[in-house]
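The values are calculated or read from the model by the stated rules, or taken from the named source; none is laboratory data. All figures in this text were calculated on a predicted structure; none of them were measured in a lab. Because the Cβ atoms are built from the backbone with ideal geometry, glycine has one as well, and the counts that use them run over all protein chains shown. Ligands, DNA and RNA are stripped out before the accessible areas are found, and what is left, the full protein with its side chains, is counted by its heavy atoms. Shrake-Rupley method; radii C 1.70, N 1.55, O 1.52, S 1.80 Å.
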Amino acid sequence: MSLWRLDWPTSGGRRIARAQLKTSASDFFVEEVLEPAGSLAGDVSGEVSGNGEHLCLKLEKTGDNTEFVGRELSRLANCRSFDVGFCGLKDRHAVTRQWFSLYRPGREAEDAGLIHEVSSRWPVLSAFRDARKLRRGDHSGNRFVIVLRDVSGDRQAIEDALQRLATLGAPNYFGPQRFGRDGANLDRALHIDPSALNRRSRSGKKGRGGKKRAGSEGAKNVLYFSAARSWLFNEVLAARVEDGSWAEASATGPLWGDGGTTASGPQETLERTIVARTPGLAELFSVTRMKPERRSLAARPEDLVWQWQADNCLALAFFLSPGQYATTILNDIFELEDMSLGRHNEQQG
């Protein structure tokens, strides 16, 4: 049994309904919104618009995760994997429309041929050239259309909870998948040598000469380190949910770093007290150069609408800013059964 808390309090005190998520990939649709790319993007049937060394492509994919598509684009475009950019990771078990950038200076004449080749793998919905590589968080957000099936619970209570969600939002927790099965990523974080992260950062700037094995281990350490940071944020947020202060205007919580937190006064005391409960994780940050940051305590869906397609089938559409997760806000209301996991995923490969 996990020693880590991986289920945190909801805004309403308890989840009021149950539902199945991702019964099929088409039940979970997400489209990345990239601005100002929308005004630049050209129809791929004609000439690619814009100027710059990076070719940006909007793809539709089903059943492939972002990093796999990035590696395949690197191969098709004959460029380094580092030269492929994207704004964020998207669900594998979903229909997703996502932007990628490919570093192809002076190869504009080859764009049409490459787009045709990529289209044989994934539909290319739009394309443009730009001077900048796409990086995490460059998009303005994501639009979702999600169908929940086998919904059980009082319909009026669900309607009221959805109305509250549209008004107040939901606690902006990091999802449990970030922490690994039974918190395994947190267990591994306790065994990280924090100084190794600094060495990796310094060598990474040179860009050459690092052994592949060391780089792979370093990437895993960063994953575990990120899990520790996210878990500490969730613990602080849980305390704010319990005291009712999470939905205050502009309320934020800590992404722990060197020096801990940038909060002051009673908020600093609360955050340091909570983090001190897990000294093993807190110690990770004492010798790193990672600056403390802040993250909103509330995830607020914009333009939230919903429709009952049947007595037990509910469709929802909404927009979320970068760094906010659709499953997080749904988990505030529903006990979700992800049908893409476990035995439901055996035929997905």
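Residues of region 169-187 that are farther than 19 Å from residue 295 by Cα and either open to solvent by less than 80 Å² (accessible area, probe 1.4 Å) or β-branched (Val, Ile, Thr) (or both): 180, 183, 184, 185, 186, 187. Being at pLDDT below 95 and among the charged types (D, E, K, R) is not true of residue 61.
For residue 159, indicate whether it is acidic (Asp, Glu), more than 16 Å from residue 87 (Cβ to Cβ) and touching a residue at least 12 places away in the same chain (Cβ under 8 Å). Judged against the criteria, residue 159 is not a match. The condition (being open to solvent by less than 10 Å² (accessible area, probe 1.4 Å) and at pLDDT 95 or above) is satisfied by just one residue among 166, 161: 161. Being out of contact with any helix residue (DSSP H, G or I) (no Cβ under 7 Å at 6 or more places or on another chain) and at pLDDT below 95 is the requirement here; does residue 47 meet it? Judged against the criteria, residue 47 is a match.
Please verify whether residue 242 is open to solvent by 90 Å² or more (accessible area, probe 1.4 Å) and modelled with pLDDT of 95 or more, treating the condition exactly as stated. Spelling it out, residue 242 is indeed open to solvent by 90 Å² or more (accessible area, probe 1.4 Å) and modelled with pLDDT of 95 or more.
Against the test of being closer than 28 Å to residue 24 by Cα and crowded, with 20+ Cβ neighbours inside 10 Å, the options 96, 62 yield a single qualifying residue, 96.
Count of region 17-38 residues, restricted to those that are open to solvent by 50 Å² or more (accessible area, probe 1.4 Å) and not in a helix (DSSP H, G or I), is 4. Taking the criterion of being touching a His at 6+ places or on another chain (Cβ under 8 Å) and either small (Gly, Ala, Ser) or at pLDDT below 95 (or both), the residues of region 80-103 that qualify are 85, 87, 88, 101. Filtered by the rule that a residue be surrounded by fewer than 18 Cβ atoms within 10 Å (Cβ to Cβ), over 11 Å from residue 297 (Cβ atoms) and of a type in the set (Gly, Ala, Ser), region 245-260 gives 257, 259. Mind counting the residues in region 188-225 that are open to solvent by 70 Å² or more (accessible area, probe 1.4 Å), modelled with pLDDT of 50 or more and either among the aliphatic types (A, V, I, L, M) or more than 19 Å from the chain's Cα centre (by Cα) (or both)? Residues in region 188-225 being open to solvent by 70 Å² or more (accessible area, probe 1.4 Å), modelled with pLDDT of 50 or more and either among the aliphatic types (A, V, I, L, M) or more than 19 Å from the chain's Cα centre (by Cα) (or both): 7 in total.
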